[in-house]
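As structure tokens, the structure follows; a few thoughts come after it.
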Amino acid sequence: MLTDRDLASLPAFLTVEEAAVVLRLSRTTAYEYVRQGIIPRVRLGRFIRVPKAKILERAGLGREDNGAGE
């Protein structure tokens, strides 16, 4: 399982394989979810990247407000 430190050290854009690890999915399932639009993706030429912020948000691991600014 990934720790908070592991998650913080991930790059802003993940490969599909890296996203699969974060979401605890198989590589095949992750690619299928990208194809279906379940996992958001950005295409950079022939490369597919997954925004880390969207993955963490979907996994319920996004940054939470500490009440500041309310």
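Helix content alone sets the calculated 222 nm mean residue ellipticity of the chain: runs of n ≥ 4 DSSP H residues at -39500 (n - 2.57) each, divided across all residues, give -11500 deg cm²/dmol.
Mind listing which trypsin sites (Lys or Arg not before Pro) in the stretch 1-55 are in a DSSP loop and have 15 or fewer other Cβ atoms within 10 Å? Don't jump to the answer; show the numbers that get you there.
Values: sites: Arg5, Arg24, Arg27, Arg35, Arg41, Arg43, Arg46, Arg49, Lys52, Lys54; in loops: Arg24, Arg41, Arg46.
Sparse-neighbourhood loop trypsin sites (Lys or Arg not before Pro): Arg24, Arg46.
What distance in nm separates the two pseudo spin-label positions at Thr15 and Arg35, each 7 Å out from Cα along the beta-carbon direction? Each label point lies 7 Å from its Cα, and together they span 1.9 nm. The GNM of the chain, with springs linking C-alpha atoms under 10 angstrom apart, assigns the highest mean-square fluctuation among Leu44, Leu56, Leu14 to Leu44. Comparing mean-square fluctuations of Gly60, Gly45, Gly37 from a GNM of the chain with C-alpha springs under 10 Å, the top value falls on Gly45. Within the shell defined by Cβ-Cβ distances under 15 Å, the residues around Thr29 carry a net charge of +2, with Lys and Arg each +1 and Asp and Glu each -1.
Each reported figure results from applying straightforward, stated rules to the coordinates on display, with no laboratory input. What you see is a predicted model, and the numbers here were worked out from it, not measured in a lab. Note that each Cβ is placed from the backbone with ideal geometry, even for glycine, and that neighbours are counted across all protein chains shown.
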